[in-house]
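Beneath this line is the structure, given in structure tokens, with notes to follow.
The values are calculated or read from the model by the stated rules, or taken from the named source; none is laboratory data. Here the structure is a predicted model, which is why all the values come from computation and not from measurement. Positions of Cβ are generated from backbone atoms using ideal geometry, with glycine treated the same way; all protein chains shown enter the neighbour counts. Just the protein is used for accessible areas: all its heavy atoms, side chains included, with ligands, DNA and RNA removed. Shrake-Rupley method; radii C 1.70, N 1.55, O 1.52, S 1.80 Å.
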2 protein chains.
Amino acid sequence: MNPASKPAASRPHIVVVGCGFGGLEATRSLRKADVDVTVIERTNHHLFQPLLYQVATAGLAAPSIAAPVRVLFRRYANVTTLLGEVTGIEPATREVVLADGARIGYDHLIVAAGATHSYFGHDEWAPHAPGLKTLADAFDIRRRMLLSFEAAERESDPQRRRALLTFAVIGAGPTGVEMAGTMAEIARHTLSGEFRRIDPASAEVLLIEGGSRVLQAMPESLSAKALVQLSKLGVQVRLNSRVTSIDATGLDTSQADGSVSRIDSHCIVWAAGVAASPLGKLLAQATGATLDRAGRIHVEPDLSLAGHPEISVVGDLAAAQSHVPGKPPTPVPGVSPAAKQMGRTAAANILARLSQQSAKAFRYADYGNLATIGRNSAVVDLATPFGPFRMSGRLAWQFWLFAHVYFLIGFRNRLVVLMDWASAYWSFQRYARVVPDTEAPLASTAGRPVPNAPNDADVILQKE
Amino acid sequence: MNPASKPAASRPHIVVVGCGFGGLEATRSLRKADVDVTVIERTNHHLFQPLLYQVATAGLAAPSIAAPVRVLFRRYANVTTLLGEVTGIEPATREVVLADGARIGYDHLIVAAGATHSYFGHDEWAPHAPGLKTLADAFDIRRRMLLSFEAAERESDPQRRRALLTFAVIGAGPTGVEMAGTMAEIARHTLSGEFRRIDPASAEVLLIEGGSRVLQAMPESLSAKALVQLSKLGVQVRLNSRVTSIDATGLDTSQADGSVSRIDSHCIVWAAGVAASPLGKLLAQATGATLDRAGRIHVEPDLSLAGHPEISVVGDLAAAQSHVPGKPPTPVPGVSPAAKQMGRTAAANILARLSQQSAKAFRYADYGNLATIGRNSAVVDLATPFGPFRMSGRLAWQFWLFAHVYFLIGFRNRLVVLMDWASAYWSFQRYARVVPDTEAPLASTAGRPVPNAPNDADVILQKE
């Protein structure tokens, strides 16, 4: 079992694609095995995505929720980390192809490439409504949000100023609810007293949802409670509203009754659609596997692909099912505990196969569901052996907070995040309100002269 | 003196351009005066530039050294903050022109626009050798440094790998010395054990200086000590070496003896030349003031411009002199304490003029000079009433450290920076090793196939 005692080439080589929750757990499970592992990750960090909205809303610095992959695997002598983007998988030759053309052979492959945004066929919306999957996305949203207030302070036209102070979040799942709740808190509290010409609290935060309730993965009673809490925070929730177009100056929606409405906004966040990584499609073409509507790849009960026991798919890329003996299989939700569990199962099944044992079917242990809404505000639906345990409000928020800090990687990060949250709680301030690239922030000019008076609002600005 | 008690337009309007150390101190000095102040800043934050190299070298997160301007001025009721870039100053009409064409009138103007890099007429070097003035610069350098190690891990050609593991810092002033020392520490300690194919400690860090010693603003004895400390940290210092060209794959130098040499490197940092903001030239053209060789504008003893007592220039943009009665004037160095002092003097002189008193000549209080080199390594040259007090090594480093933490803005930042430094000191780790935009990090492809063995070094990569 000592990885150094054998020549490398004689040991099975396992390639893990992606280092999100699924890939990270799979790699950890393999660290003491008599195998060589190569992890290929296209960023240099593992991202704690549940707190990414905090980076987008300037509550946390990026390094607090991102751990360098190399540091995580430093002590795993059998693990090699490569920074690179996988653009092809060739099961016939058992090779992975990287963007630069490099080919890496494998004996076993774990694909944990995750998910990305889906604009439901409207990719032209992407430049106007960033989603929230990567740190770059979070910085983009932070920049748009903060610069909208800045532009509003310089805008004299009431209609344009109103548009600059309108923030629209599309999709009322957990990310949309978090984003909208936090944006409302920023407008009402964080920025209070900092502007001279606008009142940030007059900003409107709209949460636009095509379905009939927020947090549809939650029980209806908690959805109803979340709706009340969102309203208290100042979020305007528009249910049964479908987005029909998005452009540089706003979006159009159509309601269930057939009416349409226009929302002028310069800061739109897309939290509506998730699609599996494009690697799913590639893999399906190469192996004959099938995809579900979200582009996720159908896997066998043991998380491998039909006809390809050497390829496993875990996390958000897998359309997996949970198998409890004596019960019908149930679909596995796209949440981080599921990805972690799949990573562990896939690794264990590879090791089982290597020692001529049989692979086991995946069984998802569901501990429940949390969603935060804002200050003192969250809903929790725990699965306990005695049935569901539900709570909302301040206690749920405290539970959410400590659960998230607990699962954060690294002592330093836990400490700093707790400190930042404590400070934000008491002061209403958010310390990461820094936009590195505002040097040329605001395109286009108007050029109207402004009278010589500091407090009037005649400084002209047009956004893009 | 209650700013709210008078109509705004009846009070003198002071415009401050820039919110570095000079602009910040000027604004603070005006916060209780019966004037209206408008601060125009092109980023949304005040940057604590002395620690910017720590962001570039992944030791600190950006928000730890950047304070949002609006937060700093929130309680100053007479201060309005505008995010914008000044592109023109028109003394005839007393107006400042912004990039978008907006015009802002002033009664008094303080220009504190600072300095930028100067490539000595070789702006074509800029894309290959970023300087270190803004957060965007720091992220650029962080990215280049970390991705060079990543690329080296994937490079099979020994010569290209050597180039990827060669880091060149041009200019051995305080910034160059800090950068080189920290880079050497990262290569030798931080990354130790994280790579499987390369030994990061084999990286070469070169510090290239045209002059005959490092830290030329320091006494010669401290320059000599700094040189020894740099060598101990593993930095190769090349004195009397002038850079004659920089391109995407390295740089050429010529030595005093006429010999030339080529250094292949993919991570080059420019710390050699500083030039005043281009606003200096604009201002000189508009007012008839003259510039020095670095583009700094010559100011009157009271920091105003000749013939324009309503315009003051402070900080790195000013070629100012210190006036001590009975002694000849001495030039003021481009350091942050000088900028702060100039900001205070300019503000006081404006208030004096407004109350029909005479302006005072600027007098620079020099408390000495610090430069850090690396772990336990710094030089300190303090000016005391009893003469200079000099030290180097561990004690100097501790002095440097606490002095910098003391001057950082914000309790939270002080605490986190101290914590990060303590953790870095004991663990050798640097927590901000996060590059947000590595998704498509490495241009160009080679496409050679790689044998199926995880630990060989045949994965191909060419940088740009």
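Each copy carries A:Glu90; placing its label point 7 Å along the C-beta direction from Cα gives inter-copy distances of 6.6 nm, listed from smallest up. Across the range B:10-18, coupling constants 3J(HN,Hα) worked out from phi with the 6.51/-1.76/1.60 Karplus curve, θ = phi - 60°, read 7, 9, x, 10, 10, 9, 10, 9, x Hz, and Gly and Pro carry x. The stretch between B:Ala217 and B:Leu354, if pulled fully straight at 0.36 nm per residue, gains 45.5 nm over its current Cα-Cα span. Percent of C-alpha pairs per 10 Å bin in the range B:292-390, short distances first: 15, 40, 29, 13, 3, 0. In order along the range B:379-396, phi translates into HN-Hα couplings of 10, 10, 10, 8, 9, 10, x, 9, x, x, 10, 10, 8, 8, x, 5, 5, 4 Hz, rounded to whole numbers, per the Karplus curve 6.51 cos²θ - 1.76 cosθ + 1.60 with θ = phi - 60° and x for Gly and Pro. Considering only B:Met391, B:Pro328, B:Ala352, and ranking their Cα positions along the charge dipole of the range B:314-436 that arises from unit charges at the beta-carbon of Lys, Arg, Asp and Glu, the one farthest toward the positive end is B:Ala352. Across the range A:82-132, Cα-Cα distances exceeding 15 Å account for 59% of all pairs. Over the range B:201-282, the reciprocal of the mean inverse Cα-Cα separation, the Kirkwood hydrodynamic radius, stands at 14.5 Å. What you get for the range A:138-208, charging only the Cβ of Lys and Arg (+1) and of Asp and Glu (-1), is a dipole of about 160 debye around the Cα centre. Considering the range A:310-446 at the alpha-carbon level, its Rg and Dmax are found to be 21.1, 73 Å. Distances between equivalent label points of A:Asn376 across the copies, with each point positioned 7 Å along Cα→Cβ, amount to 5.1 nm, shortest listed first. Angle of helix A:135-153 to the longest C-alpha principal axis of chain A, folded into 0 to 90 degrees and rounded to 10: 0°. In the assembly of identical copies, B:Val228 has its label point, taken 7 Å from Cα in the direction of the beta carbon, separated from the corresponding points by 7.3 nm (ascending, one decimal). Compared with the dominant Cα axis of chain B, that is its longest principal axis, helix B:174-185 is turned about 30°.
Using C-alpha pairs under 8 Å with a sequence gap of at least 6, the mean separation divided by the residue count of chain B gives a relative contact order of 18 percent.
The mean count of C-beta atoms from other chains within 10 Å of the C-beta of residues in A:185-191, rounded to a whole number, is 1. Averaged per residue, the range B:1-133 has 31 square angstrom of accessible surface, using a 1.4 angstrom probe with ligands and nucleic acids left out.
Averaging 1/r over every pair of different alpha carbons in chain A and inverting the result gives a Kirkwood radius of 23.8 Å.
Placing a pseudo-label 7 Å from each Cα along the Cα-to-Cβ vector at B:Thr87 and B:Arg262 gives an inter-label distance of 4.2 nm.
Apply the Kirkwood formula to the protein assembly as shown: the hydrodynamic radius equals the inverse of the mean of 1/r over all pairs of different alpha-carbon atoms; give it in Å with one decimal. Hydrodynamic radius (Kirkwood, Cα only) of the protein assembly as shown equals 29.8 Å. Working from label points 7 Å from Cα in the Cα-to-Cβ sense, the B:Phe428 to B:Ala294 distance is 3.7 nm. Our estimate of slack between A:Leu418 and A:Ser254, defined as 0.36 nm per intervening residue step minus the Cα-Cα distance, is 54.9 nm. A cut-off under 11 angstrom between Cβ atoms defines the neighbours of A:Phe407, and their net charge, with Lys, Arg +1 and Asp, Glu -1, is +2. Looking down the axis that turns chain B into chain A, the chain B residue with its beta carbon nearest that axis, and the gap rounded to whole angstrom, comes out as B:Ala61, 2. Output the pairs from A:Lys133/A:Lys225; B:Lys32/B:Lys327; A:Lys32/B:Lys232 with a Cα-Cα distance over 29 Å in this structure; if there are none, say none. Listed pairs above 29 Å: B:Lys32/B:Lys327; A:Lys32/B:Lys232. Could you tell me what percent of the accessible area of the range A:374-417 is made up of carbon and sulfur, with a 1.4 Å probe and every protein chain present? Carbon and sulfur atoms account for 70 percent of the accessible area of the range A:374-417. Would you be so kind as to identify which of A:Ile198, A:Val405, A:Cys19 lies farthest towards the positive end of the dipole of chain A, taking Lys and Arg as +1 and Asp and Glu as -1 on Cβ and the Cα centre as origin? Toward the positive end, the furthest listed residue is A:Val405. List the pair-distance distribution P(r) of the range A:294-351, using every Cα-Cα distance, as the percent of pairs falling in each 10 Å bin from 0 up to the bin containing the longest distance, rounded to whole percents. Using 10 Å bins, I get a P(r) of 25, 57, 18, 0 for the range A:294-351.
Among DSSP beta bridges lying fully in the protein assembly as shown, give the percent that are antiparallel, nearest 5. Percentage antiparallel, nearest 5: 55. Contact residues in the range B:25-64 (at least 50 Å² less accessible area with all protein chains than alone, 1.4 Å probe): B:Arg42, B:Asn44, B:Pro63.
Using the alpha carbons alone, the radius of gyration of the range B:202-244 stands to its Kirkwood radius in an Rg to Rh ratio of 0.98. Taking 0.36 nm per residue of sequence separation and removing the Cα-Cα distance, the A:Phe407/A:Ala136 pair yields an extension gain of 95.3 nm.
Straight-line cross-link partners of B:Lys281 among the aspartates and glutamates, defined as a Cα under 15 Å from its Cα and at least 8 positions apart when in the same chain: B:Glu90, B:Asp292, B:Asp316.
For the range B:110-253, DSSP calls about 30 percent of its internal beta bridges antiparallel. Rounded to the nearest 10 degrees, the angle from helix B:220-233 to the longest Cα principal axis of chain B is 40 degrees. The calculated pair-distance distribution of the range B:353-414 uses every alpha carbon pair, bins of 10 angstrom beginning at 0, and gives 20, 33, 24, 15, 7, 1 percent. Once divided by 2.2 N^0.38 Å, the Cα radius of gyration of the range B:124-187 becomes 1.17. The convex hull built on the alpha-carbon positions of the range B:1-100 has an orientation-averaged projected area of 7.5 nm².
Each chain gives up part of its surface: B and A jointly bury about 6700 Å² of accessible area, both sides summed, for a 1.4 Å probe. The tail of the calculated P(r) for the range A:62-214, taken as Cα-Cα distances beyond 22 Å, holds 60 percent of the pairs.
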